[in-house]
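The values are calculated or read from the model by the stated rules, or taken from the named source; none is laboratory data. The model shown is predicted, which means the values in this text are computed figures rather than measured ones. Here the Cβ positions follow ideal geometry from the backbone for every residue, glycine too, while neighbour counts run over all protein chains shown.
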Amino acid sequence: MIDLSFLNPRSRPLIGVDISSSSVKMVELSAVSGGGYRVERYSIESLPRETVVDGNISNLDAVAEAIRRGWRRMGTATKFVALALPASAVITKKIILAAGLRDQELEVQVESEANQYIPFALDEVNLDFQVLGPASTGADEEEVLIAASRKEKVEDRVAAAESAGLKALVMDVESYAALSAFELVQEQLPGAGEDKIIALVDAGANVMNVSVLRNGVQIYAREQAFGGFLLTQDIMRHFGMTLEEAESAKRASSTLPENYETDLLRPFMDSLALEVSRALQFFFTSTQFNQVDHIVLAGGCAVIPGLAETVAGRTQVDTMVA
């Protein structure tokens, strides 16, 4: 087993670090009385193109430097961080084990089961597990989630944090981290979203992840190759800008010519809404469900003014921004 936990957060203060294909985002939260959290500090540092490709760090120095800049910008004393791996880098499997096993017995059973599902030698992977609760098969059994990743995937992210002078305590899985964060957002839905079908759409720079949930349980997931970088490329072509100029102009759209909104932004929003609609159709055709009650938009694209209304118009589903 490993001392970097995929699944169990620690009690000491942590900075959450998200390493995406376009930037390093960092956030520090504090608990507030009565429940919930408050954002104390955050930073977003852009990454050079091709620094992170398909979730893999190809330029470790650039990622470490972005983490270092972000940490300095936050002005925090906290040096412990929680990181996450893309779901594509992690093998997860739910298994059923006898209830009441001691920790050591659980570890032995998990390693035995993991051998069946992981196509690598166990000494090549970081492996962790979490007991989810009683299994539906019987009172004397419990459901256990196994998570495993190639060691180099974990070590790259740990090394980037350590090069920036920080220490990684938690290694989560991005999809599980998003679902954990969404629990705080779901409380804002009518009736706290109870018994409702909710589509969480995380639209980043290159990929759009769609997770469909019911009562906190993921019932469907899909990844589509669509993101905000397509809009950046359009700006580069249309206005003859470099990548850096286009990214900067996109974030401060008031600096772009008047025809930007009609010629580029509006068509991009329509395309994104169409991609969301397609994702929902895939959900309907591959499950027994035929409706979605709420769409929640997240990711860098979600901050585009009017996007929620555009998606709602296309899908005819109530849409909000996380």
Quiz item: If you check every pair at least six apart or on different chains, which have Cβ atoms under 9 Å apart with a residue in region 304-322 that is at pLDDT 95 or above first and a residue that is in a loop (DSSP other than H, G, I, E, B) and of a type in the set (D, E) second?
Solution: V317/D293; D318/D293
Quiz prompt | Filtered residue count, region 260-291, keeping only those that are in a helix (DSSP H, G or I) and free of Cβ contacts under 8 Å to residues at least 60 places away in the same chain | solution = 19
Quiz prompt | Filtered residues of region 114-133 (kept if farther than 30 Å from K167 by Cβ and either within 27 Å of the chain's Cα centre (by Cα) or at pLDDT 90 or above (or both)) | solution = Y117, P119, G133
Quiz item: In region 226-243, which residues are without any contact (Cβ under 8 Å) to a residue 60 or more places away in the chain, of a type outside the set (A, V, I, L, M) and surrounded by 13 or more Cβ atoms within 10 Å (Cβ to Cβ)?
Solution: F226, T232, D234, H238, F239
Exercise. Take region 292-307 and flag every residue that is assigned to a helix (DSSP H, G or I) and in contact with a Gly (Cβ under 9 Å, 6 or more places away or on another chain).
Key: G300, C301
Self-check item: When residues of region 160-202 are limited to those that are at pLDDT 95 or above and small (G, A, S), the one surrounded by the fewest Cβ atoms within 10 Å (Cβ to Cβ)
Solution: G165
Self-check item: E105 being without any contact (Cβ under 8 Å) to a residue 40 or more places away in the chain, in a helix (DSSP H, G or I) and surrounded by 15 or more Cβ atoms within 10 Å (Cβ to Cβ)
Solution: no
Quiz prompt | Enumeration of residues in region 108-136 that are aliphatic (A, V, I, L, M) and in a helix (DSSP H, G or I) | solution = V108, V110, A114, L122
Exercise. Starting from residues that are small (G, A, S) and touching a residue at least 40 places away in the same chain (Cβ under 8 Å), keep the ones in region 191-225 and report whichever is farthest from I295 (Cα to Cα).
Key: A205
Practice problem: Looking for whichever is among the β-branched types (V, I, T) and modelled with pLDDT of 95 or more here; the options are I15, I2. Which one fits? | Solution: I15
Practice problem: Please list, ordered by first then second residue, the pairs with beta carbon atoms under 7 Å, 6 or more apart or interchain, first in region 35-46 and of a type in the set (S, T, N, Q), second assigned to a strand (DSSP E or B). | Solution: S43/M26; S46/S23
Exercise. Only residues that are without any contact (Cβ under 8 Å) to a residue 60 or more places away in the chain and buried (at least 18 other Cβ atoms within 10 Å of the Cβ): list them for region 138-154, please.
Key: E142, V144, I146, A148
Exercise. Could you tell me which of the residues A178, A139, A147 is among the aliphatic types (A, V, I, L, M), in contact with a Leu (Cβ under 8 Å, 6 or more places away or on another chain) and outside any strand (DSSP E or B)?
Key: A178
Quiz prompt | Filtered residues of region 120-137 (kept if free of Cβ contacts under 8 Å to residues at least 24 places away in the same chain and not aliphatic (A, V, I, L, M)) | solution = D123, G133, S136
Quiz item: If we scan region 58-80, do we find a residue that is within 17 Å of the chain's Cα centre (by Cα), crowded, with 17+ Cβ neighbours inside 10 Å, of a type in the set (A, V, I, L, M) and modelled with pLDDT of 90 or more?
Solution: no
Quiz item: Out of region 28-56, which residues are buried (at least 20 other Cβ atoms within 10 Å of the Cβ), assigned to a strand (DSSP E or B) and hydrophobic (A, V, I, L, M, F, W, C)?
Solution: V52
Quiz item: Which residue pairs have Cβ atoms closer than 8 Å, lie 6 or more positions apart in sequence or on different chains, and pair a first residue in region 78-94 that is at negative phi with a second residue that is surrounded by 15 or more Cβ atoms within 10 Å (Cβ to Cβ) and polar (S, T, N, Q)?
Solution: L85/S149; A87/S175; A89/S149; V90/S149; I91/S149
